Amino acid sequence: MLITKIYQPDEVAKAAAELRKGELIAFPTETVYGLGADATNEQAVKRVYLAKGRPTDNPLIVTVSSIAMMKNYVVELSEPAKRLLAKYWPGPLTLIFKIKPGSLSKAVTGGLTTAAFRMPANEVTRKLISAAGVPLVGPSANSSGKPSPTTAQHVYHDLEGSIAGIVDDGPTQVGVESTIIDMSAAIPAILRPGAITAEELTTFLGQEVMTDRHHVGQTEVPKAPGMKYKHYAPDAQVLIVANEQWQQALRWASRQTEKVGVMAPATILQADLPANCQGFNLGPDVESASRRLFAGLRYFDSDFKVNWILAAGFPEEGLGTAYMNRLRKSAGDQFFTTESTD
Ligand code: TXA
Ligand code: MG
């Protein structure tokens, strides 16, 4: 067992030295915490899969501190790609490009001819990467299948003893992982919704952007390989509650003999919750709900065990698309309905 050290933001030089030795260090980003290893060190990259319990056919994001660092690996940048980088980097947008053959190991790319690149907004992490002098692979720093970590404590809970350290820069700001846009095909395709929305990207690029609601001819938009796995799943069964269903959902909860977690805006929690229910405040809007979603799912798994979680749904537009994408996965797409639960 390793002793997992917590590094403060002013200790990035020490954390970078560990990375250069091939050790694993978790780092903060504006979306969720990532699990870093030297992307040019195949052994270190392999240990990332082991630490997370991640299937090895699921490629990793290459996390960089500059566009110049990325250019070592990318074949060429199209005009739209250059515009996206200029506008959204650093920030919560991951781009997929064709790579120079052999420039990244199979452990990073899963054998694909493309790779995903991201430059996080978090300054401490950009300093960490610069100090390490190499790009870092950066999957979310959770055990595979569990909700992504939005605090250093979440990372510690999942990975203590199997990684060398965690750089702690407090809770993350966005709370859901970056938007992934595939720029390796003629028409850009969003493989994972995030804070930078499809609506925004379509307007900015002034061209069609594929989402999984569209089809390219007969073929569906290819998914990020990781999206097919079970995700964000707490031990309890999650039921998504549409806004107009709360009264019925809470009445149903009051009839259960088991404990029920309620993740909702304060306005709903303030109404008298049944005695067997425990509330978790998602805040007033979809921004706060996205920031707190994973923390709420974890709260009901480790701090306050429940058998059911009722979680507030939001309209699937703007950031709501990313929020609902994660919530639907954690719920196995189950919504509260009077028929299905009574
Ligand atoms: O916000 C984020 O993106 C966080 C922070 C830590 O940066 N990272 C993150 O990484 O969410 P991860 O590994 O949990 O998710 C990366 C996703 C996976 O679903 C993976 O399958 C997909 O990106 N991916 C990676 N390389 C790809 C490629 N060449 N083509 C398609 N999908 C790819
Ligand atoms: Mg992940």
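Quick notes on this structure:
- Filter result for Val174 (more than 10 Å from ligand 2 (Cβ to nearest atom) and either small (Gly, Ala, Ser) or touching a strand residue (DSSP E or B) at 6+ places or on another chain (Cβ under 6 Å) (or both)): no
- Restricting attention to segment 61-85, the residues that are surrounded by fewer than 17 Cβ atoms within 10 Å (Cβ to Cβ) and either free of Cβ contacts under 8 Å to residues at least 60 places away in the same chain or of a type in the set (S, T, N, Q) (or both) add up to 10.
- Of all residues making up segment 165-183, the number that are small (Gly, Ala, Ser) and surrounded by fewer than 22 Cβ atoms within 10 Å (Cβ to Cβ): 1
- Meets criteria (on the phi > 0 side of the Ramachandran plot, at pLDDT 95 or above and in the same structural domain as Val137 (by TED's automatic domain parsing)) for Gly34: no
- Unmet requirement for Asn58, which otherwise passes all of (1) at pLDDT 95 or above; (2) closer than 24 Å to Phe294 by Cα; (3) surrounded by fewer than 24 Cβ atoms within 10 Å (Cβ to Cβ): (1)
- Exactly one residue out of Ala17, Ala13, Ala81, Ala51 is within 19 Å of the chain's Cα centre (by Cα) and either more than 22 Å from Thr172 (Cβ to Cβ) or within 14 Å of ligand 1 (Cβ to nearest atom) (or both), and it is Ala51.
- A Cβ distance below 6 Å, combined with a sequence gap of six or more or placement on separate chains, defines the contacts here; from segment 86-112, residues that are outside the structural domain of Arg47 (by TED's automatic domain parsing) reach no residue that is within 10 Å of ligand 1 (Cβ to nearest atom) and not β-branched (Val, Ile, Thr).
- Taken as a whole, the condition of being crowded, with 23+ Cβ neighbours inside 10 Å, under 30 Å from Leu201 (Cβ atoms) and of a type outside the set (Lys, Arg) applies to Val32.
- Hits in segment 30-59 (condition: within 14 Å of Val108 (Cβ to Cβ), part of a loop (DSSP other than H, G, I, E, B) and among the β-branched types (Val, Ile, Thr)): Thr40, Thr56
- Some residue of segment 18-29 being more than 15 Å from ligand 2 (Cβ to nearest atom), part of a loop (DSSP other than H, G, I, E, B), surrounded by fewer than 24 Cβ atoms within 10 Å (Cβ to Cβ) and touching a residue at least 40 places away in the same chain (Cβ under 8 Å): yes
- Within segment 122-152, considering residues that are hydrophobic (A, V, I, L, M, F, W, C) and in a loop (DSSP other than H, G, I, E, B), the one farthest from ligand 1 (Cβ to nearest atom): Val134
The values are calculated or read from the model by the stated rules, or taken from the named source; none is laboratory data. Just so we're clear, the structure is a prediction, and the values are computed from it rather than from any experiment. For neighbour counting, all protein chains shown are included, and Cβ atoms are generated from backbone atoms with ideal geometry for every residue, glycine included.
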